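> Supplied in structure tokens, the structure appears directly below.
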Amino acid sequence: MSLVRACARPMLASVFLCSGADALLNPRPLEPLAEPVVDTLAGHAPAAPELTDIAIRLNAAVQVTAGALLATGHLPRPAALALAATLVPVTWAGHRFWEERDEDRRAQQRIHFLKNLSLFGGLLIVAADTGAQPSLAWRARHRLHRG
């Protein structure tokens with residue numbers, strides 16, 4: 001593993017480890033923000049939890065688990081995809097800047113929204129990173145050509 005990967009993965013994972021652990025231990029402050037998202041998801045996805053505190057804790061558990069995997073370099077690509085998936089409901093619930101009337105709160109929520117968008121992009125890069133090894137698709141194509 002390169003020095004950049006060895007340093008960058010734990011740095012990227014740190015926000016998920018901290019915020020995930022906090023949400024896992026104390027989901028109550030997040031419930032008012034998460035409830036509309038949980039209700040919407042429960043109505044459209046049969047596997048989605050219907051109870052807000054369960055949904056928050058489930059999302060937090062994924063963040064802590066995938067964050068630990070990413071930080072330690074174990075299964076970094078699936079871990080990054082799992083973390084990216086947790087960002088969607090968190091951003092949708094918590095950073096709806098377009099609904100804010102107060103300009104200062106709108107600006108702050110826009111910053112958090114863009115921060116999460118940036119994290120999402122970084123996680124997609126990690127998910128696509130093969131560690132300088134050929135991808136499975138490349139290996140399969142070249143195996144077929146070699147006969």
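> Work out from phi, with θ = phi - 60° and the Karplus expression 6.51 cos²θ - 1.76 cosθ + 1.60, the ³J(HN,Hα) of each residue of region 28-43, listed in order in whole Hz, and give x for Gly and Pro.
3J(HN,Hα) across region 28-43, in whole Hz: 3, x, 8, 4, x, 6, 7, 4, x, 5, 4, 4, 5, 5, 5, x.
> Please get the size of the charge dipole for region 1-117, origin at its Cα centre, with Cβ charges of +1 on Lys and Arg and -1 on Asp and Glu, quoted in debye to the nearest 20.
Dipole of region 1-117, to the nearest 20 debye: 600 debye.
> Helix 3-25 versus the longest principal axis of the chain: what is the Cα-based angle in degrees, 0 to 90, to the nearest 10?
Taking Cα atoms only, the helix is inclined about 30 degrees.
> What do you get for the angle between helix 136-146 and the principal long axis of the chain? Use alpha-carbon atoms, 0 to 90 degrees, nearest ten.
The helix 136-146 is inclined about 20 degrees to the chain.
> Working with all protein chains in place, sort D39, D104, D53 by solvent-accessible area computed with a 1.4 Å probe, largest first.
D104, D39, D53
> Here's another thing I want to ask about it. Using the basic label-point model (7 angstrom from Cα toward the beta carbon), what is the R28 to F97 distance in nanometres?
Going from the R28 label point to the F97 one covers 3.1 nm.
> May I ask you to derive the FRET efficiency for M11 and L58 from their Cβ-Cβ distance with R0 = 25 Å, giving the value to the nearest 0.05? Write out the running numbers ahead of the final one.
Values: r = 25 Å, r/R0 = 1.00.
Computed FRET efficiency for M11 and L58 comes out at 0.50.
> How much accessible area per residue does the chain have, in Å², with a 1.4 Å probe?
65 Å²
> If one computes the Cα centroid of region 74-147 and of region 27-55, what distance in Å separates the two points?
22 Å
> Amide H neighbours of E100 under 5 Å, counting only residues 5+ apart in sequence or on other chains, H built in-plane at 1.01 Å?
For E100, no residues qualify.
> Between L58, A132, A6, whose Cα lies farthest towards the positive end of the dipole of the chain when Lys and Arg beta carbons carry +1 and Asp and Glu beta carbons carry -1, centred on the Cα centre?
Positive-end residue among those listed: A132.
> Next question, about the same structure. With axes computed from alpha carbons, what is the tilt in degrees of helix 76-94 against the longest principal axis of the chain, rounded to the nearest 10 within 0 to 90?
The answer is roughly 20 degrees.
> Fully extended, how many nm does the chain gain between H142 and F120 (0.36 nm per residue separation, minus their Cα-Cα distance)?
4.8 nm
The values are calculated or read from the model by the stated rules, or taken from the named source; none is laboratory data. None of the values given here were measured: they were computed from a predicted structure. We place every Cβ from the backbone using ideal geometry, glycine too, and count neighbours over all the protein chains shown. Quick note on the areas: whole protein, heavy atoms, side chains included, nothing else; ligands and nucleic acids left out. Shrake-Rupley method; radii C 1.70, N 1.55, O 1.52, S 1.80 Å.
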